[in-house]
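K.L.:
This structure is in structure tokens; I'll ask about it shortly.
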């Protein structure tokens, strides 16, 4: 690798890593954010995207339309000065609104104490804001509709550093997978998803807007997030087998009458039938790898490094947090690029694996556990303890969504809480037994 | 896929799957065996190998020189009429000969009851026998030094069925990995291996020939298998970090004096130094995937489907067993190719995952547990029970190496044995306690 030295553009950020030519592969959410970060540090950035510019595209295919922005994503946006702009149009979701099989609803607030919430944001809008912010930097060179073979002898690929932000099916990772010592797994789940729509009615939301709506049905579920245009994007998740069994409009309506009776009139029969049969259910997969870098030459961020099933709403947030971490490491005085990338891998992989596992687990929780009494009891206990000890007792969901606690520590924290509750339970039980026995003996 | 119908060549084997053009990728042990099987059934077979013909090659690089053949491999060789030829020159290994740190040896027989043993065979010899056997079939077309991009528009790739026997870094799998629903993992271990040699002396073995020699040293180990030419191939397995710490011939000799004092004079200082520093330690990895097939178009066998660390000596045996299973399925009357390949995946993946896990576990056992008293007690118990109940109580190692019990069932079987022993232990313990207490009370 050439040891080019380009002076800092004097943006107030210091780093001892020479200012190199960086090729960012993928101009999605994480790629646009990474490009912005490198540009702010004075690097020359080539941003490659094989799709057309999302700002001029009609439709974004194959990816979910809206996303739940939480603390880690907000933090990363704040670092590039975009948090306020995004939050100004985002829709806060204060909790889960659960819809039972009869259509009755109940609310579980995410954080009754400190009132933190998730924000529903449109993928397209967020991506546009990030790309527009990049327009201010003459050192970002955008290349849309440009398919890249990153390790080939392309002129474009002669970058000093390749940043793979090219998603779950990353071409950059595809090259790295051949390297000795590159650990990798991709795991598909047996459930697929399909997006439907609850349109606005008389320019109003058809359901309360400030909630993430969930229809838990044990082995499958449906969720809905509010959009800026007062519609809801509805995601139906279930086993491919169940999708396949719905063959006709009649099957579909019967299925919805049975399981989602309150949603049916909101979706509208005609629109539901059209949306359901126009596309196939999409696959969902979990990707883990380690390391994320190759020498000082390449690094993976976002889904390319750790795609996850979407049930913790952390895919985008984790990807954006990758940027925060990488740039905090690169900004250390005296660090070299190869050491920085190694440090990025070492500080990140356990947390990325952890959130992949949590996302998988949360699918079970969302579709099944939310209905159970034990879940509700635990939720009540957690909330109560959180209220009294807000810095000591942060429930798992809150630590993941509303703090920047490393994901792996969130899990360790939860295990510690489980242990305490278990000990308290046994102490109380023993106490009750002893007291009961004593009372019984005395009565004798 | 074209539904070509080629009549059976009347070799006495029946199958309702039309006789198609099959491209076998890789002419190693599993590829040569698969080609032989297809040819015997009357299929047209193109056998592609990117290396030169092993029969004319001087040196086989990058793969272990000798291998432990056991029941599953023997069975697969018997099916193509080659078992006797291979066994006639193979060297039986009746047990493990353990070398302690002072150089004292002890023997643990694999099977003191029915006297089954492993056979040390040369990779090159076995591969040659398989390729030579294929020469008899005019319907096998060999293409050596031929690099293939199997899914490209090559004339060669217009086969009806592609059989990927191209090892741990399979190019065929590399194409399949992009398909939706293809689960895959590759996991490197933090230990590498290096091959050394204990040469023959005065045309005699320098150690007892009929054992697999093991020098277990907790976090690392060395093993040796006998060769036809009365040498031993020695494999040193240890963390890369430990390899890296041995920088000079002096370091190396001190290391061997400390850990392998009895082996040092047999290896010879000069030869050891030359062998150790001439090459880098090799990586070891475990590969799992599911499915093994793509429609009726492609199937993976052997290391391409399930590479494993070499510590159960089952890599080759499992690959050859793949052939046995695939051809028993294909031979079913009335089955179609797509159904046959699906059935192959479904019957095989759990067992392949199981042997990958067992191989990983056996590394711990070989380098560490073999020295422990608990291991020796269990081994004694297992052997005793096996002697009295040879059909009921088959110890794990024996069921894996000396039977064709599905690997996953071997594990289930072991768990059942563990449970029984645990129950017996607790029953005996409770009995002793009760008796002890009774005696104590009576004495009072």
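The values are calculated or read from the model by the stated rules, or taken from the named source; none is laboratory data. Since the structure is predicted, the reported quantities are computational estimates derived from the model, not experimental observations. Don't worry about glycine lacking a Cβ; one is built from the backbone with ideal geometry, like all the others, and counts go over all protein chains shown.
K.L.:
How many of the residues making up segment B:193-243 are within 14 Å of another protein chain (Cβ to nearest Cβ) and surrounded by fewer than 17 Cβ atoms within 10 Å (Cβ to Cβ)? Before the answer, list the steps.
P.N.:
Of segment B:193-243, the ones within 14 Å of another protein chain (Cβ to nearest Cβ) are B:193, B:239-241, B:243.
So of that shortlist, the ones also surrounded by fewer than 17 Cβ atoms within 10 Å (Cβ to Cβ) come out as B:239-241.
Count: 3.
K.L.:
For segment A:268-289, check the following and say yes or no: at least one residue is in a strand (DSSP E or B) and within 20 Å of residue A:342 (Cβ to Cβ). It would help to see each step written out before you state the result.
P.N.:
First, pick out the residues of segment A:268-289 that are in a strand (DSSP E or B): A:282, A:285-289.
From the residues that got through so far, the ones that are within 20 Å of residue A:342 (Cβ to Cβ) too are A:288-289.
Yes.
K.L.:
Examine segment B:354-372 for a residue that is within 14 Å of chain A (Cβ to nearest Cβ) and buried (at least 19 other Cβ atoms within 10 Å of the Cβ), and state whether such a residue exists. First the steps, then the outcome.
P.N.:
Applying the first criterion (within 14 Å of chain A (Cβ to nearest Cβ)) to segment B:354-372 yields B:356, B:360.
Restricting the remaining residues to those that are buried (at least 19 other Cβ atoms within 10 Å of the Cβ) gives B:356.
Yes, because at least one residue in segment B:354-372 is within 14 Å of chain A (Cβ to nearest Cβ) and buried (at least 19 other Cβ atoms within 10 Å of the Cβ).
K.L.:
Considering only residues of segment A:157-170 that are more than 10 Å from chain B (Cβ to nearest Cβ) and surrounded by fewer than 18 Cβ atoms within 10 Å (Cβ to Cβ), which is modelled with the lowest pLDDT?
P.N.:
Within segment A:157-170, the subset more than 10 Å from chain B (Cβ to nearest Cβ) is A:157-168, A:170.
Then keep just the ones that are surrounded by fewer than 18 Cβ atoms within 10 Å (Cβ to Cβ); that gives A:157-158.
Details: A:157: 58, A:158: 78.
This residue is A:157.
K.L.:
Considering only residues that are in contact with a helix residue (DSSP H, G or I) (Cβ under 7 Å, 6 or more places away or on another chain), touching a residue at least 24 places away in the same chain (Cβ under 8 Å) and in a helix (DSSP H, G or I), which ones fall in segment A:242-258?
P.N.:
Result: A:249, A:252.
K.L.:
Next question. I'd like the full set of residues that are touching a strand residue (DSSP E or B) at 6+ places or on another chain (Cβ under 6 Å) and in a strand (DSSP E or B), limited to segment A:198-207.
P.N.:
Answer for segment A:198-207, where residues must be touching a strand residue (DSSP E or B) at 6+ places or on another chain (Cβ under 6 Å) and in a strand (DSSP E or B): just A:198.
Conditions tested, residue by residue: (1) closer than 26 Å to residue A:75 by Cα; (2) in contact with a helix residue (DSSP H, G or I) (Cβ under 9 Å, 6 or more places away or on another chain).
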{"position": "A:356", "(1), (2)": "yes, yes"}
{"position": "A:364", "(1), (2)": "no, yes"}
{"position": "A:367", "(1), (2)": "no, yes"}
{"position": "A:377", "(1), (2)": "no, no"}
{"position": "A:381", "(1), (2)": "no, yes"}
{"position": "A:391", "(1), (2)": "yes, no"}
{"position": "A:396", "(1), (2)": "yes, yes"}
{"position": "A:433", "(1), (2)": "no, no"}
{"position": "A:437", "(1), (2)": "no, no"}
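K.L.:
Just to be sure I understand the filter: pairs with C-beta atoms under 8 Å, separated by 6 or more residues or on different chains, first member in segment A:171-192 and more than 8 Å from chain B (Cβ to nearest Cβ) and under 17 Å from residue A:306 (Cα atoms), second member at pLDDT below 95 and assigned to a helix (DSSP H, G or I). Which pairs pass?
P.N.:
Matching pairs, first to second residue: A:189/A:360; A:189/A:363.
K.L.:
So in segment B:100-124, with the set limited to residues that are at pLDDT below 95 and not in a loop (DSSP other than H, G, I, E, B), which one is surrounded by the most Cβ atoms within 10 Å (Cβ to Cβ)?
P.N.:
B:122
K.L.:
At least 3 residues that are farther than 26 Å from residue A:338 by Cβ, within 18 Å of the chain's Cα centre (by Cα) and modelled with pLDDT of 95 or more in each: list the helices (runs of 4 or more DSSP H) lying fully within segment A:1-96 that qualify. Step through it out loud before you land on a result.
P.N.:
Details: elements: A:29-40, A:71-79, A:83-89.
Here the list reads A:71-79, A:83-89.
K.L.:
Here's a follow-up. Check A:136, A:147 and return the single one that is over 30 Å from residue A:262 (Cα atoms), at pLDDT 95 or above and in contact with a helix residue (DSSP H, G or I) (Cβ under 9 Å, 6 or more places away or on another chain). Spell out how you get there, then give the answer.
P.N.:
On the way: A:147 fails: at pLDDT 95 or above.
Criteria check complete, one pass: A:136.
K.L.:
Only one residue in B:172, B:163, B:234, B:261 is over 23 Å from residue B:92 (Cβ atoms) and part of a strand (DSSP E or B), so which one is that? Outline the logic, then answer.
P.N.:
Values: B:172 fails: part of a strand (DSSP E or B); B:234 fails: over 23 Å from residue B:92 (Cβ atoms); B:261 fails: part of a strand (DSSP E or B).
Just one listed residue meets the conditions, B:163.
K.L.:
When you check residue B:314 against the structure, is it under 24 Å from residue B:121 (Cα atoms), touching a helix residue (DSSP H, G or I) at 6+ places or on another chain (Cβ under 7 Å), assigned by the TED database to the domain that holds residue B:67 and surrounded by fewer than 20 Cβ atoms within 10 Å (Cβ to Cβ), yes or no?
P.N.:
Values: under 24 Å from residue B:121 (Cα atoms): yes; touching a helix residue (DSSP H, G or I) at 6+ places or on another chain (Cβ under 7 Å): yes; assigned by the TED database to the domain that holds residue B:67: yes; surrounded by fewer than 20 Cβ atoms within 10 Å (Cβ to Cβ): no.
No, not satisfied.
K.L.:
Return a yes/no flag: does segment A:202-214 have any residue that is touching a helix residue (DSSP H, G or I) at 6+ places or on another chain (Cβ under 9 Å) and without any contact (Cβ under 8 Å) to a residue 60 or more places away in the chain. Outline the logic, then answer.
P.N.:
Initial filter on segment A:202-214 (touching a helix residue (DSSP H, G or I) at 6+ places or on another chain (Cβ under 9 Å)): A:206-207, A:214.
If we keep only those that are without any contact (Cβ under 8 Å) to a residue 60 or more places away in the chain too, we end up with none.
So far as segment A:202-214 goes, no, none of its residues is touching a helix residue (DSSP H, G or I) at 6+ places or on another chain (Cβ under 9 Å) and without any contact (Cβ under 8 Å) to a residue 60 or more places away in the chain.
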